[in-house]
Amino acid sequence: MPTILFVNNSAMSVPFYFMRHYLYIRQFVVLLCMLAVLSLTAAEPERGYRGFVDTAVDLGFPEDYHGDKIVEVYYGVSTSHGFQFNPHLFIGAGVMCERVHRDGYFKGMEYPIFAQARTDWTFGKFPLYGDIRIGGVVLGDYRMFVSPTVGYRFNWGRKMNLNLGLGMNFRTLGWGDEKTLHPQFAIRLGIDF
């Protein structure tokens, strides 16, 4: 049963499940804005080993088999490890563990593996990064994904940074469905060491 939401004096139908998660997303965005105001400049990455531990929330609105829009939410934790070639280029690989929810119901777990490329740049006092992950789910729905992200690095000590990113995930419905990538909005929060 959809809930009616009034925005600028116009009614918009939004599933109740999305409204419940909207409050969490709104609180998360407020927290991110506070961190941006209080942030310190992060140090440039050094040549050598570099690792990441991230948590992410992906939100999508695909169609089900009947053509109806559904709410799809992925909650996950990932780790990736690789080599920092210079202050601007990282290449590595990783694994992720995700919980999948569709229309408020737990659907299952997925375990994607991925290759990762990342670039870090500092513009004045603003340390930004760009990241792309390309991989596939080997245990779960057996599908491919591409995940570009851009974000901000917060200083969290001499050797660690806190990373906050926004991006898109493009997932297929299966390995034979590479022609149709289904977009999802992604928020990623993690540390690098």
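Numbers below:
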{"item": "Residue match in segment 144-165 (condition: out of contact with any strand residue (DSSP E or B) (no Cβ under 8 Å at 6 or more places or on another chain), touching a residue at least 24 places away in the same chain (Cβ under 8 Å) and open to solvent by 30 Å² or more (accessible area, probe 1.4 Å))", "result": "yes"}
{"item": "Any hit, segment 86-95, residues being β-branched (V, I, T), over 19 Å from V53 (Cβ atoms), open to solvent by 30 Å² or more (accessible area, probe 1.4 Å) and modelled with pLDDT of 95 or more", "result": "no"}
{"item": "Selected residue (only one of G82, G104, G108, G67 is over 16 Å from A186 (Cα atoms), in contact (Cβ under 8 Å) with a residue 40 or more places away in the chain and either open to solvent by 30 Å² or more (accessible area, probe 1.4 Å) or not charged (D, E, K, R) (or both))", "result": "G104"}
{"item": "Any hit, segment 144-157, residues being charged (D, E, K, R) and either in contact with a Cys (Cβ under 7 Å, 6 or more places away or on another chain) or at pLDDT below 90 (or both)", "result": "no"}
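The values are calculated or read from the model by the stated rules, or taken from the named source; none is laboratory data. Source: prediction; values computed, not measured. All Cβ positions, even for glycine, are placed from backbone atoms using ideal geometry, and neighbour counts span all protein chains on display. SASA here: full protein model, heavy atoms, side chains in, ligands and nucleic acids out. Shrake-Rupley method; radii C 1.70, N 1.55, O 1.52, S 1.80 Å.
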